[in-house]
Amino acid sequence: MKRMMTITLLLMFVITLGFSTTSSTAGKCMTCHKEKTSGMYKQWLSSNHATHNVTCFDCHTAKKGEPDAFKHEGAWIATLVTPKDCGRCHPNETKEVSESYHAHAGEILDSKDAYLAHVAGGHPIAVVGCETCHGSKVIIDERSPNKLSKLSWPNSGIGRINPDGSKGSCTACHTRHSFDKAQARQPEACAKCHLGPDHPQKEVYEESKHGNTYYTNIDKMNLDADKWVVGDDYNVAPTCATCHMSATSTQKVTHDVGNRISWTLRPPVSKRKDNWEAKKENMQDVCSACHEDQFVENFYYQFDGVVRLYNEKFAKPATEIMNMLRKNGRLERQASFSNKIEWVYWELWHHEGRRVRHGAAMMGPDYAWWHGMYDVAQNFYFDFIPEAQHYNDPDVNAYIEDLFTKHPMHNWLNRPTSELKEEIRSGELQKVYEGMFEEQE
Ligand code: HEC
Ligand code: HEC
Ligand code: HEC
Ligand code: HEC
Ligand code: HEC
Ligand code: HEC
Ligand code: HEC
Ligand code: HEC
């Protein structure tokens, strides 16, 4: 008993000592920053981190010799708090983020669109545009007081390449310094990046029944709840997080946003993802909290049909024509993107074609049709094809001639309206598209 007491007392002494040394360094950060950056201090003060005694120094601490470490008011700190730093206390989230597609988003520097930003735009816009969403490669500048180059900081891109080798930035979704779960569960947390002409997920969500129901019932979403299981803790509507990340009664929260999607809708021609059947089931499990299975199956039947229609009717022929023009050496100028047809083709798949697919995937009919397939068709028939024909390449001309006279999806161009209307009424024309509802390869 006496021995126990001694140990307990000793332990208490060690804890008090440990606590008072860290809290003096940590305490100084707060006392001074309360004056110097009061907004930031208050963001932290109201956070769950402050409640759990996670201080400025716990996150910003650094070891002397680390590439981004600098001495600040007597302590070694770093301005960056990377996924690796958060991972000291949140190892699971950090592991999932590092294995997700998001973590690769900073590797775009060699991609076709980065090329476009550099030639058609120029370096400053690559920094402020692409890299602000995708993430910069953080450059160390020994002359800068915080060691970070002005060209790469500030940046909170989703796939930022950090000096410690980790990828991404947790603040991309978790706004500092509140790091509030409720905030990340709302669609706005994704909306800095997932919007616009080439990936309008935010706009699609807003027009969908899910979005309308969410925005008219936010107070019923139970966003502050500790656990947030769809169907148990809330039920009025799903958000981006609900479908792509949050827990169901059988799945845990995941920070790997690709875990529930079966297609990649990004490239000119959509492809199935590895292991797509299991990923589709993961998503269907989310839906099943609020819908019955047959409803969900039928939704996928319709969505998959649109993806294949876009692939077969427009994406594959347009890509084939571009390949022929390049192979036959027809483009006037050498550099990629220096010819008008390359821009026309690019908008066909990268903007309009993505809008069709994203509209269909997330129940936004206006994006699927008016901002989507309508634009694809108009571009294909009245911009892309005429642009291709102006090269007068015999192979290309023969291919287009064939497409417009023989291809059952395109030969309507050369037939009378009355006959086509008759075929629509009888269901004959719809039969041409039956195959679109079936898995291809
Ligand atoms: C004596 C006051 C004082 C103390 C103590 C102090 N800071 Fe600061 N800190 C400042 C001021 C002033 C700035 C610059 C603010 C500005 O320019 O708006 C700053 C800047 C910073 C920056 C940004 C540096 C940059 O340029 O990117 C970080 C991060 C930071 N402090 C964290 C801390 C941490 C962590 C502690 C505790 C170890 C701490 N501070 C202690 C006053 C202080
Ligand atoms: C939970 C971890 C965490 C805590 C606690 C924390 N920070 Fe930060 N802080 C971050 C992250 C993350 C960033 C963004 C850096 C990045 O993108 O890597 C940041 C950025 C900053 C910056 C520079 C950015 C800006 O907007 O000016 C300052 C200064 C700063 N923190 C000071 C503080 C101070 C002072 C405290 C305590 C009152 C504090 N931090 C507490 C994680 C934290
Ligand atoms: C020193 C340990 C520590 C570090 C470092 C740390 N956290 Fe935390 N974090 C905690 C604790 C403790 C809690 C509260 C208990 C819990 O919810 O797990 C928490 C809670 C959270 C929450 C939930 C907040 C809420 O609304 O309930 C988020 C989000 C979070 N942390 C993100 C981060 C991010 C992002 C970083 C890095 C920028 C980070 N944390 C760094 C310890 C830490
Ligand atoms: C507003 C934020 C934002 C900006 C600015 C932005 N992107 Fe993106 N980018 C995204 C998002 C979000 C996706 C993923 C879309 C999806 O999955 O539907 C993406 C996808 C991509 C892809 C496809 C990746 C793949 O694996 O198929 C490439 C390549 C790309 N972007 C490069 C760039 C380049 C280069 C720039 C600058 C010229 C740029 N982006 C500007 C947000 C942005
Ligand atoms: C793509 C956006 C996104 C990014 C990036 C992100 N998070 Fe989260 N995080 C969320 C969402 C959404 C939730 C809320 C999930 C829920 O409760 O339904 C969450 C919840 C959390 C929680 C609370 C625990 C929980 O499971 O509810 C912690 C801790 C956390 N994130 C840490 C991190 C860390 C650490 C990083 C960086 C390595 C990170 N997050 C990056 C979106 C993100
Ligand atoms: C800071 C920008 C940014 C934020 C914030 C962001 N994302 Fe992303 N997201 C991207 C980029 C960029 C890509 C494409 C990645 C690439 O090109 O490697 C992407 C890709 C994705 C993908 C496709 C994954 C795959 O495997 O194909 C999903 C799903 C996704 N994001 C969901 C979300 C959700 C949900 C949120 C909010 C909770 C969110 N994102 C927040 C930038 C962002
Ligand atoms: C009702 C559920 C649901 C909601 C809400 C939802 N999504 Fe999706 N999302 C899907 C489905 C289903 C797919 C397609 C899945 C597949 O390929 O199997 C998808 C696909 C995606 C993709 C991949 C696109 C690509 O180009 O490959 C991204 C990125 C994405 N969603 C982001 C978001 C964002 C951001 C929000 C909120 C603004 C959101 N989602 C809201 C269900 C949802
Ligand atoms: C949190 C509950 C919830 C989840 C989860 C959910 N939905 Fe819904 N869904 C709704 C509500 C509410 C409506 C609107 C019902 C109405 O029209 O009255 C709706 C409507 C729909 C509609 C009809 C759209 C229209 O314009 O008529 C489709 C299709 C749909 N959901 C598919 C899905 C799919 C697929 C998933 C999973 C990827 C899913 N939902 C996940 C609640 C949910």
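Since every read-out is calculated from the coordinates, none of them should be taken as a lab result. Just so you know, these numbers come straight off a predicted model, no measurement behind them. Note that each Cβ is placed from the backbone with ideal geometry, even for glycine, and that neighbours are counted across all protein chains shown.
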How big, on average over all directions, is the shadow cast by the Cα convex hull of region 210-331, in nm²? 10.1
Given 216, 204, 242, which one lies farthest toward the positive end of the charge dipole of region 200-244, if we put +1 on the Cβ of every Lys and Arg and -1 on the Cβ of every Asp and Glu? 204
Here FRET efficiency (C-beta to C-beta, residue 269 to residue 420, R₀ 30 Å, nearest 0.05) is 0.65
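Going by C-beta contacts inside 10 Å, put 246, 288 in order with the fewest on the left.
The most exposed by this proxy come first: 288, 246.
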How much length, in nm to one decimal, is gained on full extension between residue 276 and residue 407, taken as 0.36 nm per residue of separation minus their Cα-Cα distance? 44.1 nm
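What's the FRET efficiency of residue 75 with residue 132 using the Cβ-Cβ distance as r and R₀ = 30 Å, to the nearest 0.05?
0.50
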Beyond 36 Å, the calculated P(r) of the chain holds a percent of Cα-Cα pairs equal to 42
Label-point separation, residue 64 to residue 389 (7 Å along Cα→Cβ), nm: 7.6
By how many nm would the segment from residue 216 to residue 151 lengthen if fully extended, with 0.36 nm per residue of separation less the alpha-carbon distance? 19.2 nm
Cross-link pairs 279/406; 34/147; 167/227; 112/202; 36/95; 28/227 - those with Cα-Cα distance over 30 Å: 279/406; 36/95; 28/227
Helix 417-426 vs. the chain, principal-axis angle (Cα, 0 to 90°, nearest 10): 60
Are there chymotrypsin sites (Phe, Trp or Tyr not before Pro) in region 221-321 that DSSP puts in a loop and that have at most 12 other Cβ atoms within 10 Å, and which ones? none
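Between residue 52 and residue 125, what is the FRET efficiency for a Förster distance of 56 Å, r being their Cβ-Cβ separation, to the nearest 0.05?
The formula returns an efficiency of 0.85 here.
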Backbone N within region 250-284 under 18 Å of label point (7 Å from residue 92 Cα along the Cβ vector): 250-260
Suppose only helical runs count, i.e. DSSP H with n ≥ 4. What mean residue ellipticity at 222 nm does that imply for the chain under -39500 (n - 2.57) per run, divided by all residues and rounded to the nearest 500 deg cm²/dmol? -12000 deg cm²/dmol
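Kirkwood Rh and Cα-based Rg: tell me the resulting Rg over Rh for region 136-245, rounded to two decimals.
1.08
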So how long is each side of region 284-398 along the principal axes, counting just the alpha-carbon atoms, biggest first, in Å? 56, 23, 22
Under 14 Å from the Cα of residue 42 - aspartates and glutamates, other chains or at least 8 residues apart: 180
As I understand it, the dipole of the chain uses +1 on the Cβ of Lys and Arg and -1 on the Cβ of Asp and Glu, about the Cα centre. Which of 418, 75, 120 lies farthest toward its positive end? 75
Spin-label model distance (nm) - residue 343 vs residue 295, 7 Å beyond Cα toward Cβ: 4.6
Normalise the Cα radius of gyration of region 261-314 by 2.2 N^0.38 Å (N = residues in it) and let me know the number. 1.21
Please find, in a Gaussian network model of the chain (springs between Cα atoms separated by less than 10 Å), the residue of 242, 25, 264 whose mean-square fluctuation is greatest. 25
Under 20 Å from the Cα of residue 280 - aspartates and glutamates, other chains or at least 8 residues apart: 96, 99, 256, 292, 293, 297, 304, 438, 439, 441
GNM on the chain, C-alpha springs below 10 Å: top fluctuator among 317, 408, 200? 408
Net charge dipole size for the chain [Lys, Arg +1 and Asp, Glu -1 on Cβ; Debye, nearest 20]: 2120
Here the gain from full extension of residue 252 to residue 140, 0.36 nm per residue of separation minus their alpha-carbon distance, amounts to 36.6 nm
Which residue fluctuates the most in the chain, going by a Gaussian network model with Cα springs under 10 Å, if the choices are 334, 251, 183? 334
Cβ-based exposure ranking for 175, 417, 61, in which fewest neighbours within 10 Å come first: 417, 175, 61
Footprinting proxy, 64, 34: sorted fewest to most Cβ within 10 Å, the residues are 64, 34
How much net charge surrounds residue 48 when only other residues with a Cβ under 11 Å from its Cβ are counted (Lys, Arg +1; Asp, Glu -1)? -2
Given the alpha-carbon gyration tensor of region 309-358, what are the semi-axes of its equivalent ellipsoid in whole angstrom, ordered largest first, with each equal to the square root of 5 times an eigenvalue? 22, 13, 5
